[in-house]
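The values are calculated or read from the model by the stated rules, or taken from the named source; none is laboratory data. Remember, it's a predicted structure, so these values are computed and weren't measured experimentally. No Cβ is skipped: glycine too gets one built from the backbone with ideal geometry, and neighbour counts run over all protein chains shown. Protein only, heavy atoms only, side chains kept; ligands, DNA and RNA dropped before computing areas. Shrake-Rupley method; radii C 1.70, N 1.55, O 1.52, S 1.80 Å.
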Number of protein chains: 2
Amino acid sequence: MTPEIATPAPVDTLVDDVEQALGHRDLAAVSGLLADAPARHVVQLLDRLPPRQCAIAYRLLPKQRALEVFEELAPELQGDLVHGLQDAEIAALFAELDPDDRVWLLDELPASVAPRLLRGLPVHERDLTAAVLGYPRDAIGRRMSPEYVTTHPEFTAAQSIERVRSRIDDAETVYTLPVTDGSRRVVGVVSLRDLLRAAPDALVAEIMEDAHTVDADADTEPAVREVTELGVLAVPVVDSERRLVGILTIDDAVRILTREEREDSARQGGVEPLSRPYLSTPIRRLVRSRVVWLLVLALGATLTVQVLEGFESTLEKVTMLALFVPLLIGTGGNTGNQAATTVTRALAVGEVRARDVWRVLARELQVGLSLGLLLGLLGGAVATLVYDWHIGLIIALTLVALCTFAASVGGVKPLAARAIRVDPAVFSNPFISTFVDATGLIIYFLIARTVLGI
Amino acid sequence: MTPEIATPAPVDTLVDDVEQALGHRDLAAVSGLLADAPARHVVQLLDRLPPRQCAIAYRLLPKQRALEVFEELAPELQGDLVHGLQDAEIAALFAELDPDDRVWLLDELPASVAPRLLRGLPVHERDLTAAVLGYPRDAIGRRMSPEYVTTHPEFTAAQSIERVRSRIDDAETVYTLPVTDGSRRVVGVVSLRDLLRAAPDALVAEIMEDAHTVDADADTEPAVREVTELGVLAVPVVDSERRLVGILTIDDAVRILTREEREDSARQGGVEPLSRPYLSTPIRRLVRSRVVWLLVLALGATLTVQVLEGFESTLEKVTMLALFVPLLIGTGGNTGNQAATTVTRALAVGEVRARDVWRVLARELQVGLSLGLLLGLLGGAVATLVYDWHIGLIIALTLVALCTFAASVGGVKPLAARAIRVDPAVFSNPFISTFVDATGLIIYFLIARTVLGI
């Protein structure tokens with residue numbers, strides 16, 4: 001019906017054709033299809049194939065094309081492929097990668113493989129890679145590139161452009177030049193654009209700008225977020241004495257951010273993040289990524305069974321009270337999730353800090369109370385019409401109390417998680433539901449007992 | 001305790017000081033504080049102030065600084081500020097913005113203001129802005145910059161660099177040059193880096209690369225995601241005949257993507273996205289962003305009340321069955337959310353397409369069944385020990401059926417949403433819970449009746 005379905009994207013055709021050819025074990029056909037396809041389409045194809053077929057397809061690529069595709073693959077897929085290759089092939093691939101990409105790949109390989117691969121590198125490349133490997137796994141130093149072009153305040157624009165030309169083959173970027181003093185301290189940055197705009201004999205000192213730098217030991221996520229928000233193409237990475245150690249480019253920052261977002265979004269949904277694309281992840285890995293969370297949450301939910309057991313006599317007297325249990329705990333859970341989602345996001349982008357906890361609590365109390373009053377009035381009125389005013393009053397009072405409670409807990413929880421240094425995305429939504437569920441049931445039955453006088 | 005608390009970031013100190021000075025209505029002090037602060041800190045400060053205080057603080061900025069800060073603000077905050085300014089001030093600010101930033105701001109202002117502001121612009125600027133404004137609100141053409149530098153296949157590297165120098169003040173970027181033929185069709189791209197690396201008399205035709213282009217009418221989100229994944233600094237934007245109409249830079253793509261991610265994450269949590277920072281959003285807007293969803297979900301949840309009413313006689317006979325209701329529907333909801341989260345993400349990044357619906361269903365049936373068997377065995381065993389084997393059997397069978405059902409529905413739902421062209425993030429998680437809750441209860445009570453023979 002829609003034009004999209006009428007004309008499938010070329011990559012879809014490629015995927016279909018290759019899958020069919022692989023199904024018929026017609027490797028010559030696969031090889032032919034791959035030879036003509038753009039590298040980016042091949043990457044998308046490999047993302048969708050199961051591991052074994054992925055390895056077969058990869059080995060059918062022409063040699064130069066194989067390298068190009070390899071560089072574009074996610075590190076986890078690179079890691080998978082490497083297991084199926086000969087040592088000599090791996091060493092050749094490894095030498096071609098940029099130092100920072102090399103470190104991504106090393107992080108995916110067994111620790112025993114890394115030293116052997118590193119030993120195979122030319123000395124210069126090995127040193128560059130070792131510098132990056134020296135930083136902790138979640139520090140920005142681990143993700144920076146050690147291949148940068150610098151200039152100095154007393155150099156002219158023309159001299160700086162010459163420096164760019166001389167390093168143009170190796171450097172990660174030539175568009176942002178950190179400006180350093182005699183002891184390698186960063187005193188500014190200058191863009192290639194400003195160098196080209198300036199008079200050839202203008203001094204760098206006159207055209208450079210203040211440098212936003214990031215600390216090599218800083219945590220990855222806030223640092224990359226800052227870089228992407230600054231709207232700059234690259235920032236210098238410095239050590240504790242502000243000496244230049246590397247550069248972080250916006251495209252690498254975006255790549256890291258995308259991974260972090262993927263992890264956060266998975267954990268908010270109660271799933272461990274998948275390390276590879278959905279369709280090529282084996283079923284048992286999908287199960288494993290979910291089962292632990294599900295068990296933890298189910299274990300937490302046994303609390304609700306215990307709470308209800310405590311009120312079993314009330315339930316026996318007024319079975320009708322059971323009818324509203326899913327509705328009420330659902331509403332409590334939703335209210336808590338809303339607050340948690342909003343505050344988690346505000347925290348991630350730096351709009352809210354851990355020390356704002358009282359302001360957040362004050363706001364969420366007000367929001368929760370307002371929501372509770374709105375829903376309570378409405379729910380109470382409907383319940384009075386359908387059942388009787390006792391039920392109406394119970395529903396109304398419960399909704400007011402529950403929404404206020406749930407919004408406050410939901411809003412404060414991400415901040416509490418941050419304070420005890422747990423990823424707020426991990427600790428928020430599913431846990432809140434369980435906690436709010438059990439407390440909500442207690443509130444409900446206590447109100448019901450009071451109103452009904454039992 | 002932690003070093004972070006011992007030494008607050010300078011921006012925190014600034015925020016505290018300014019808030020205090022504003023509280024005392026000591027505008028001279030505010031003005032002094034703002035004069036010394038870096039633009040980026042001022043932006044973060046304005047993000048945190050309530051609208052009225054934000055407007056006061058903004059007006060205390062020195063004139064040149066005010067422009068610099070204005071350009072960095074989110075369009076919504078810009079829109080707020082503009083309401084408090086004189087027409088002449090607005091016109092001056094407006095003329096200084098880049099065409100694409102101008103369009104962001106126009107989108108935030110009442111439709112009546114736009115023509116007046118546009119009339120105030122110099123002709124050239126007005127034409128550029130009008131070109132961008134001509135595209136639909138969610139098309140990439142609306143977000144591109146019309147200020148680019150092109151070159152041609154028959155030009156030399158040196159000639160191309162000269163073109164860069166001549167356009168260096170206006171162009172959005174000079175690092176990526178679309179290469180066009182005589183009829184403005186894009187035939188490639190060449191980077192400034194490659195131009196500098198090449199011999200001065202090398203022809204562009206020899207050094208240019210294939211261009212990834214995006215269609216000006218394409219939807220924003222997939223297009224910006226593609227740009228950020230390509231790892232390029234900019235892509236040409238073309239019309240339906242592949243003629244160049246603009247350029248999209250990676251920093252703009254990232255900015256758009258961040259907004260989209262914020263919206264998706266909000267909607268997954270059942271909140272309408274906030275248009276401004278959390279702490280500066282009035283309480284009534286927070287309530288408004290949540291109440292509609294909460295009502296819709298509560299309305300959906302009345303389905304569970306109806307289902308339970310249908311089984312009220314069963315509940316009266318075996319009150320104990322009520323004890324497990326929150327646990328079971330919670331587990332069903334979690335299983336469904338897990339599947340929906342994973343598939344929504346895979347869909348957003350293009351790992352899964354709408355036509356993969358059967359593959360997704362097959363995978364989620366297997367995953368759900370596996371999870372159900374694991375949880376069912378465990379839950380059934382525990383329930384048998386604590387209660388009796390009837391209850392154990394009911395719990396086990398319900399968990400198997402429920403997990404299989406919930407995972408399938410959760411996995412397919414995002415694809416269904418995409419097929420009917422609704423944002424999968426809006427349509428997924430909260431809705432699933434409600435639907436799965438009601439169906440889960442039916443499954444549970446039918447199994448219970450059968451096992452108990454009532």
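By DSSP, what percent of the beta bridges with both residues in the protein assembly as shown are antiparallel, rounded to the nearest 5?
85 percent
In a shell of Cβ-Cβ distance under 13 Å around A:Thr341, excluding A:Thr341 itself, what net charge do Lys and Arg (+1) and Asp and Glu (-1) give?
Value of the local net charge: 0.
Taking 45 Å as R0, compute the FRET efficiency from the Cβ-Cβ separation of B:His390 and A:Asp107 and round it to 0.05.
Calculated value: 0.30.
As I understand it, the dipole of chain A uses +1 on the Cβ of Lys and Arg and -1 on the Cβ of Asp and Glu, about the Cα centre. Which of A:Tyr175, A:Ala114, A:Gly310 lies farthest toward its positive end?
Ranked along the dipole, the leading option is A:Gly310.
Compute the separation of the alpha-carbon centres of segment B:206-232 and segment B:34-49 and state it in Å as a whole number.
34 Å
All other residues with a Cβ under 12 Å from the Cβ of A:Gly134 taken together, and with Lys, Arg as +1 and Asp, Glu as -1, what is their net charge?
-1
Pick out, from B:Leu73, B:Tyr58, B:Leu93, the residue whose Cα sits farthest towards the positive end of the charge dipole of segment B:8-104, with +1 on the Cβ of Lys and Arg and -1 on the Cβ of Asp and Glu.
B:Tyr58
Just how far, in whole angstrom, is segment B:349-417 from segment B:60-129 if you go by their alpha carbon centroids?
53 Å
Taking amide hydrogens as modeled 1.01 Å from N in the peptide plane, which residues meet the under 5 Å criterion relative to B:Leu61, leaving out close sequence neighbours?
none
May I ask for the net charge around A:Ala234, where only other residues with Cβ less than 10 Å from the Cβ of A:Ala234 are counted and Lys, Arg are +1 while Asp, Glu are -1?
-3
In nm, to one decimal, how far is the A:Ala381 label point from the B:Ala202 one, both placed 7 Å along Cα→Cβ?
Each label point lies 7 Å from its Cα, and together they span 7.4 nm.
Straight-line reach from A:Lys317: which aspartates and glutamates have Cα under 14 Å away, leaving out those fewer than 8 places along the same chain?
Of all the aspartates and glutamates, those that pass the test against A:Lys317 - Cα under 14 Å, at least 8 places apart if same chain - are A:Glu309, B:Glu312, B:Glu316.
If you place +1 on the Cβ of every Lys and Arg, -1 on the Cβ of every Asp and Glu, and leave all else neutral, what size is the dipole of segment B:250-392 about its Cα centre, to the nearest 20 Debye?
500 debye
Take the solvent-accessible surface of the protein heavy atoms, probe 1.4 Å, and return the percent of it on segment A:345-392 that carbon and sulfur atoms account for.
Exposed carbon and sulfur together represent 74 percent of the surface.
Answer rounded, prolate or oblate for segment B:281-374, using the Cα gyration tensor with square roots of eigenvalues a ≥ b ≥ c: rounded when a/c is under 1.5, else prolate when a/b is larger than b/c, else oblate.
It comes out oblate by the Cα gyration axes.
Can you compute the charge dipole magnitude of the protein assembly as shown about its Cα centre, using +1 on each Lys and Arg Cβ and -1 on each Asp and Glu Cβ, nothing else charged? Give it in debye, rounded to the nearest 20.
For the protein assembly as shown, the charge dipole is close to 2540 debye.
Take the Cα atoms of chain B, find their three principal axes, and give me the spread along each one in whole Å, biggest first.
87, 65, 49
Just to make sure I understand: if all protein chains stay in place, what is the order of A:Trp389, A:Trp293 by accessible area at 1.4 Å, largest first?
Largest accessible area first, the residues go A:Trp389, A:Trp293.
Which residue in A is nearest the A/B rotation axis when you measure from the C-beta atom, and what is the distance in Å?
Checking which Cβ lies nearest the axis yields A:Ala322, 2.
Of the peptides B:119-125, A:114-120, how do they stack up when ordered by the mean number of other Cβ atoms within 10 Å, highest first?
By packing density, highest mean first, the sequence is A:114-120, B:119-125.
For peptide A:271-278, what's the mean number of Cβ atoms from other chains within 10 Å of each residue's Cβ?
Across the residues of A:271-278, the mean count of other-chain Cβ atoms within 10 Å is 4.
Might you report the magnitude of the Cβ-based charge dipole of segment B:43-106 about its Cα centre, with Lys and Arg at +1 and Asp and Glu at -1, to the nearest 20 debye?
Using Cβ point charges on Lys, Arg, Asp and Glu, segment B:43-106 gives about 380 debye.
Take B:Phe435, B:Phe311 and sort them by solvent-accessible surface of the protein heavy atoms, 1.4 Å probe, largest at the top.
Sorted by accessible area, descending: B:Phe435, B:Phe311.
Just check segment B:282-452 against the gyration tensor rule for me: Cα atoms, a ≥ b ≥ c as the square roots of the eigenvalues, rounded for a/c under 1.5, and otherwise prolate or oblate depending on whether a/b exceeds b/c.
Here segment B:282-452 falls in the oblate category.
Could you report the accessible area of A:Val349 in Å², rounded to 10, computed with a 1.4 Å probe on the protein chains as they sit in the structure?
Result for A:Val349: roughly 40 Å² accessible.
For the peptides B:212-218, B:268-274, what is the packing order when you average, over each peptide's residues, the other Cβ atoms within 10 Å and list the highest mean first?
Result, highest mean Cβ count within 10 Å first: B:268-274, B:212-218.
If I model a spin label as a point 7 Å beyond the Cα along the Cα-Cβ vector, how far apart are those points for B:Glu76 and B:Asp215 in nm?
Modelled inter-label distance: 3.1 nm.
So what J values fall out for segment A:389-394 if you push phi through Karplus, 6.51 cos²θ - 1.76 cosθ + 1.60 with θ = phi - 60°, rounded to Hz, Gly and Pro as x?
6, 4, 4, x, 5, 4
If DNA, RNA and ligands are ignored and the probe is 1.4 Å, what is the ranking of B:Arg243, A:Arg143, A:Arg197 by accessible area, most exposed first?
From most accessible down to least: A:Arg197, B:Arg243, A:Arg143.
Have a look at the DSSP beta bridges in chain B and tell me what percent are antiparallel, nearest 5.
Antiparallel: roughly 85 percent of the beta bridges in chain B.
Projected onto the charge dipole of the protein assembly as shown (+1 at Lys/Arg Cβ, -1 at Asp/Glu Cβ, origin at the Cα centre), which of B:Val325, B:Trp104, B:Leu203 gives the Cα projection farthest towards the positive end?
The listed residue farthest towards the positive side: B:Val325.
Only Cα pairs under 8 Å and at least 6 apart count here; give the relative contact order of chain A as a rounded whole percent.
So the answer I get is 11 percent.
Any idea what Rg and Dmax come out to for the protein assembly as shown if you just take the C-alpha atoms, in Å?
Expressed in Å, the Cα Rg and Dmax of the protein assembly as shown come to 29.8, 95.
Taking Cα atoms, how many degrees apart are the long axis of helix B:27-36 and the longest axis of chain B, rounded to 10 and kept between 0 and 90?
The answer is roughly 80 degrees.
Taking a ≥ b ≥ c as the square roots of the Cα gyration tensor eigenvalues, with a/c under 1.5 meaning rounded and otherwise prolate when a/b beats b/c, else oblate, which class fits segment B:157-268?
The shape class here is prolate.
Copy-to-copy spacing for B:Gly120, label 7 Å out on the Cα-to-C-beta vector, in nm, shortest first?
Counterpart label points of B:Gly120 in the remaining copies fall at 6.5 nm.
Please compute the average number of Cβ atoms from other chains found within 10 Å of each residue's Cβ in peptide A:344-357.
Per residue, the average neighbour count from other chains is 5.
Under the definition of partner shielding as Cβ atoms of other protein chains within 10 Å of a residue Cβ, what is the mean value for peptide A:164-176?
Mean partner-chain Cβ count within 10 Å for A:164-176: 2.
Please calculate the 1.4 Å probe accessible area of B:Phe405, with all protein chains present, and give it to the nearest 10 Å².
Surface accessible to solvent at B:Phe405 totals approximately 60 Å².
Tell me, what HN-Hα J-couplings in whole Hz come from the Karplus equation 6.51 cos²θ - 1.76 cosθ + 1.60 at θ = phi - 60° for each residue of segment A:294-303, using x for Gly and Pro?
For segment A:294-303, the Karplus curve yields 4, 5, 4, 5, 5, 4, x, 5, 5, 4 Hz.
For the Cα atoms of chain A, what angle does the longest principal axis make with the long axis of helix A:10-23, in degrees from 0 to 90, nearest 10?
Taking the Cα atoms of chain A, the angle to A:10-23 is about 90 degrees.
For B:Ala91, place a label point 7 Å out from Cα along the Cα→Cβ vector, do the same in each other copy, and report the separations in nm, one decimal, smallest first.
Its label point is 7.3 nm from the equivalent points in the other copies.
How far, in degrees from 0 to 90, does helix A:250-268 lean away from the longest principal axis of the Cα atoms of chain A, to the nearest 10?
20 degrees
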